[in-house]
Each structure stands twice: as structure tokens, then as C-alpha cells.
Amino acid sequence: MQIHRISLNRLVQVSHDFDAVVAIDVLRSFSTAAYAFAAGASEIHPVGTAGEADRLLDLLPDALTVGALPGGRPMPGFDLGNSPSRVQDLKLAGRPVILSTAAGVQALLRFRTAPRLFAASLVCAGATLRALRAAPLERVALITTGEWIDRDGDEDIACADYLAAGLQGEPIDREALALRVRNSDFGRRFVAGTDPALPLADLNLCMQVDRFDFAMPVTRGRYGLEIRPLLPQT
């Protein structure tokens, strides 16, 4: 199996002939998405802009809108910012979510034509790995989204390391991976506690490796891209 590691923000042009693409956003898009599913959300609709979210909300008036600007500040006009700690205690049973973020969602849109596409973070990394192992794959792309001019993105690289190690049959040190999230450039901003948009509670939730047993495959639905939880086969 060929494993390709790609940083979204270094991407100029790349072949799309991968068997599977995993878009990784640990802090926080796809951690927030996982906690939304744990709170009962029926599906998540990733969209690129606030305007697209408004148009989709006309079609799905009961949807919860979750969005963040670059740097993590809440998107104006949305119900919530991109915050797992704000999402986890909600009662979302059967309710759709519209998600727009500057990193993870953009990766999904960039690779929307992939035969298999997953949204991933450390809280569901093991389930993502199982889903990848269940398919006959030759070329897998791991897309990290957290690297910016002022951020090393190591929280996402840690998740990519988990998936690559698992696909290659190598050992996985979950505790060390969790510490890398805390010690990443972006993680330290949550620890500092100086930005109300970056609460420490979010960081702690995003560090919980394999908290959930579902993967988050992305498919094309009636309204565009759609994420639904994939539980393990029994």
C-alpha cells in the first residue's frame, strides 16, 4: 500500500487518483463533528462559505449551524462556533448539522471526487483505521490541514502518524499522540487561556484518542457532501 502525506496548505496540484482520502482536522473541525454525532446529530453537511450555509439552511430549517473563521473565531450568524465542548451537551437527536470551517471542510471540498473520503480526528482514529482496512486500497492520501504560517500542525500530523502506523502494522502510542496535540503550536494557544474562542475544554476533548467507535465517511447526498457515522460491523 502506498501512503501519501499531503499538507493542505502546501498543496499546489496533486493527482486525485487515490483509492481513499482522509481529511484530518484534530483542532477542531472533525473533533467537533464527532461530538455532534455523539450528541445525536443525524448527518453533517460540510459547506465552504457562510452563503452556502444560508442557502442550505433554507432547505434544512431545523439544522444547527456550526462555523469558524481562520484562527478559530466563531463565524458570525452561526448558532455555534467550531467547539466540541459547546456541542457535546446538546440534544441533537435526529437533527442535521451544517458545518463550515477554514481547514477541515476545505480539504473535503478539495477532494470531493475521491472514491472513498473520510473526515478524521484522533477521537475516531481507530474507527477510521478499521474502515480503511476493510476496503481493498492501494493508494491512500492522508491530508493534514492544521499547518499554517504560524502553526506547525503537529496535532494533525499525529493523527496521520496513527493511521499510517496502523495501515503498516506498526505499534501506536496513543498517550504520546495525545500529548502532541497539547504541545502543538495551536494546542498551546488553548492551554494559554488568553483567547475565549479557544477554551481549554475543547483541547481536552480533542485529545481523547479513540473516544468514539465510529468512522466518518463522506459521500455525495441530496444537498452536496454529507457525513454520517459508520459504526463497526457486528
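For the chain, adding -39500 (n - 2.57) for each run of n ≥ 4 DSSP H residues and dividing by the number of residues yields -9500 deg cm²/dmol at 222 nm.
Using unit Cβ charges (K, R positive; D, E negative) and no other charged atoms, how large, in debye to the nearest 20, is the dipole of the chain about its Cα centre? Mind showing how you got there, number by number?
Details: 24 positive and 27 negative charges, 57 e Å.
Here the chain has a charge dipole of around 280 debye.
Ignoring any ligand, DNA or RNA, what whole percent of the accessible area of the chain comes from carbon and sulfur when the probe is 1.4 angstrom? Can you show the working numbers first?
Numbers: 5230 of 10370 Å².
Of the solvent-accessible surface of the chain, carbon and sulfur hold 50 percent.
Counting heavy atoms of the protein chains alone, residue 223 has an accessible area of about 80 Å² for a 1.4 Å probe. Amide H contacts under 5 Å for residue 98: 45, 64, 65, 66, restricted to partners 5 or more places along the chain or on a different chain, H placed in the peptide plane at 1.01 Å from N. Counting heavy atoms of the protein chains alone, residue 138 has an accessible area of about 140 Å² for a 1.4 Å probe. The alpha carbon gyration tensor of segment 1-159 gives principal lengths a ≥ b ≥ c with a/c of 1.5 or higher and a/b greater than b/c, which makes the shape prolate. About the Cα centre of segment 103-207, what is the dipole size in debye to 20, counting +1 per Lys and Arg Cβ and -1 per Asp and Glu Cβ, all else neutral? Charge dipole, segment 103-207, about its Cα centre: 460 debye, nearest 20. Extension gain for residue 192-residue 88 works out to 35.2 nm (0.36 nm per residue, less the C-alpha to C-alpha distance).
Is segment 109-177 rounded, prolate or oblate when judged by the Cα gyration tensor, a ≥ b ≥ c being the square roots of its eigenvalues, rounded requiring a/c under 1.5 and prolate requiring a/b larger than b/c? It is oblate, given that a/c is not under 1.5 and a/b is not larger than b/c.
Between residue 113 and residue 58, what's the calculated FRET efficiency when r is the beta-carbon distance and R0 is 22 Å? Round to 0.05. Intermediate values should be presented prior to the final figure.
Details: r = 26 Å, r/R0 = 1.19.
After rounding to 0.05, the efficiency reads 0.25.
Let me make sure I get this right: for segment 77-220, a, b and c are the square roots of the gyration tensor eigenvalues over alpha carbons, sorted descending. Under 1.5 in a/c it's rounded, otherwise prolate if a/b > b/c, else oblate. Which is it? Oblate, since a/c reaches 1.5 and b/c is not below a/b. Surface exposure of the chain, expressed per residue as accessible area with a 1.4 Å probe, stands at 44 Å².
What FRET efficiency, computed as 1/(1 + (r/R0)^6) with R0 = 41 Å and r the Cβ-Cβ distance, is obtained for residue 200 and residue 233, rounded to the nearest 0.05? Walk me through the intermediate numbers first.
Details: r = 36 Å, r/R0 = 0.89.
Efficiency, from the Cβ-Cβ distance: 0.65.
The values are calculated or read from the model by the stated rules, or taken from the named source; none is laboratory data. Computed from a predicted model, the values in this text were never measured in an experiment. Positions of Cβ are generated from backbone atoms using ideal geometry, with glycine treated the same way; all protein chains shown enter the neighbour counts. SASA here: full protein model, heavy atoms, side chains in, ligands and nucleic acids out. Shrake-Rupley method; radii C 1.70, N 1.55, O 1.52, S 1.80 Å.
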